[in-house]
Amino acid sequence: MELSSEDNFRLNVLLANRPKAIRIDESKLVVYGLSDKGEAKVVLNPSGRPEQYLRLVKELISGHILGSPGGYPVYLRRWTRMGQMRDESLEQLLMLGEPEAVVAAVGSPGLTEDLARRAWWAMEDADNARRMLENPSIVGSAMGPVLADYLLDYLPFETETDRMTASIRLMLQPGLLDAARREDLWKKSARKQAYLVGFLQALPDDLPPSVAPRADAAALASALQPELDAGNPAARLLLRAVGAPGQTYLKTVATVLAKPPNQDVVSAAFDCLRAYCAAVRPDGDPDLSLEGLSADAELFVAADAAPASVRACLDALPSAHADLFALRFLSGAGYGLIRPVLRDPTTLGSLMRRKLAPVLDPLQQQIARLRGEAR
């Protein structure tokens, strides 16, 4: 099979005009080219099977752009997946008419606002929007609000909770959504734990609506001020947790853990807890069971084994023992807690929550302790 002479001619004219990006609508058999003057298109007239004909079209485009008639070359696929694509190659990727090439371009750290605009024209897609909003230069450009608006409109159609969470986290970056839409998003999160996790990730110290500081927050701050001035990480974390932002954060985490829909949300909430309490566990996830985590926390606040930062806090404020235990305990929340009680990753809903109750209840108890609530 060969390209018809008419299609060959029109495609070569399109390419000769040096388009900034190319998009192929395979269902309608149309090739679009983006230029400074607007959008041009070539309606294809296949002489045989459309799939084979489209392969010939892509070979012609690739031969013109890359000097290689094999479509999106294997070596480029390998480079882009390994993050080795050179910035100067991004323009070429957007002219191949290949979805995978667009995905490679939007994930490149060298993506510019102009290239982002071309890529978005070539392939509007929620995953591509998320990839681009991971790039600070795109977030700060005029494309940032465009991508955030798309994710906001698309959010009701997302079915995967991890994608919902990622969209919320990315949309809440500064300058993307106005106050009214952020507030509306928060209201909707009351029924969506996955949304709440996105808020926890994006705004750990600025969650709405702020609740009051713990009743003894001022007294703790006064007693620990010397340690705070000395840069004691344990003191800093404790005072962060008992202040108004920390109490709001802990209340939100408790809400998520009260009724998580699936294990992805549970794991994401655990990640949030570890990140928030990382100052008392800089080595990261210990992968401990419930019993191991409890023993570890006891050792952390033991008089003869506590780190210097913790001993200093306890010397200044002996009543902080329970709070520091709680922070250390929560800083180790991870898959090691889930593994012994729930081995099937597909278990969801109320059955999952019943099986995880022996793990989630102790976590909720430690959160309640930090919030000054007896449980």
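A short reminder: the numbers here are calculations on the coordinates, not readings from a lab. Everything numeric in this text was worked out from a predicted model, so none of it was measured. Every residue, glycine among them, receives a Cβ derived from its backbone with ideal geometry; neighbour counts consider all protein chains shown.
Quick notes on this structure:
- Cα lying deepest toward the dipole's positive end in the chain, options Ala194, Ile61, Ala221, charges on Cβ: Ala194
- Segment 289-365: radius of gyration and largest Cα-Cα distance (Dmax), Å: 15.2, 48
- Segment 136-203, dipole about Cα centre (Lys/Arg Cβ +1, Asp/Glu Cβ -1), debye to the nearest 20: 220 debye
- For segment 216-229, backbone phi angles converted through the Karplus equation (6.51, -1.76, 1.60; θ = phi - 60°) give residue-by-residue couplings of 9, 4, 5, 5, 5, 4, 5, 5, 9, 4, x, 5, 5, 5 Hz, Gly and Pro being listed as x.
- Of the two radii for segment 313-358, the radius of gyration is 1.23 times the Kirkwood radius, both from the alpha carbons; that is the Rg over Rh value.
- The trypsin sites (Lys or Arg not before Pro) of segment 119-200 meeting both criteria, a DSSP state outside H, G, I, E and B (loop) and at most 16 other C-beta atoms within 10 angstrom of the site's C-beta, are Arg191.
- Helix axis angle, 233-242 relative to the chain longest principal axis, alpha carbon, degrees: 90 degrees
- Helix 193-202 vs. the chain, principal-axis angle (Cα, 0 to 90°, nearest 10): 90 degrees
- Relative intensity of segment 137-224 on a log10 scale, I(q)/I(0) at q = 0.18, 0.19, 0.20, 0.26 Å⁻¹, equals -0.77, -0.84, -0.90, -1.39, per a Debye sum over C-alpha point scatterers of equal strength in the absence of solvent.
- Cα-based shape type of segment 231-375, given that a ≥ b ≥ c are square roots of the gyration tensor eigenvalues and the cut on a/c is 1.5: prolate
- The Cα center of segment 290-358 and the Cα center of segment 110-188 differ in position by 35 Å.
- Potential extension, Arg191-Arg354 segment - 0.36 nm per residue separation minus Cα distance: 56.7 nm
- A simple charge model with +1 on the Cβ of Lys and Arg, -1 on the Cβ of Asp and Glu and nothing else charged puts the dipole of segment 210-370 at about 580 debye relative to its Cα centre.
- In the chain, the longest principal axis of the Cα atoms and the axis of helix 113-122 are about 70 degrees apart.
- Each residue of segment 44-57 is assigned a 3J(HN,Hα), and the resulting list reads 7, 10, x, 9, x, 5, x, 5, 5, 5, 5, 5, 5, 4 Hz, derived from the Karplus form 6.51 cos²θ - 1.76 cosθ + 1.60 (θ = phi - 60°), x at Gly and Pro.
- Principal axis dimensions, largest first and in whole angstrom, of the chain by Cα: 86, 42, 37
- The value given for segment 239-324 is a Kirkwood hydrodynamic radius of 14.5 Å, derived from the mean inverse Cα-Cα separation.
- For Gln173, no residue has an amide H sitting under 5 Å from its own, ignoring neighbours fewer than 5 places away on the same chain, with H placed 1.01 Å from N.
- With neighbours defined as other Cβ atoms within 10 Å of a residue's Cβ, the residues Lys28, Lys41, Lys58 order from fewest to most as Lys28, Lys41, Lys58.
- FRET efficiency for the Ala308 to Ala218 pair, using the beta carbon distance and R₀ = 22 Å, is estimated at 0.30.
- Whole-Hz couplings from phi, Karplus 6.51/-1.76/1.60, listed for segment 323-336; x for Gly and Pro: 5, 5, 4, 4, 5, 5, 4, 5, 5, x, 5, x, 5, x
- A simple charge model with +1 on the Cβ of Lys and Arg, -1 on the Cβ of Asp and Glu and nothing else charged puts the dipole of the chain at about 620 debye relative to its Cα centre.
- When you restrict to C-alpha pairs under 8 Å that are six or more residues apart and normalise by the size of segment 224-375, the relative contact order lands at 33 percent.
- Percent of alpha-carbon pairs separated by more than 17 Å within segment 181-231: 53 percent
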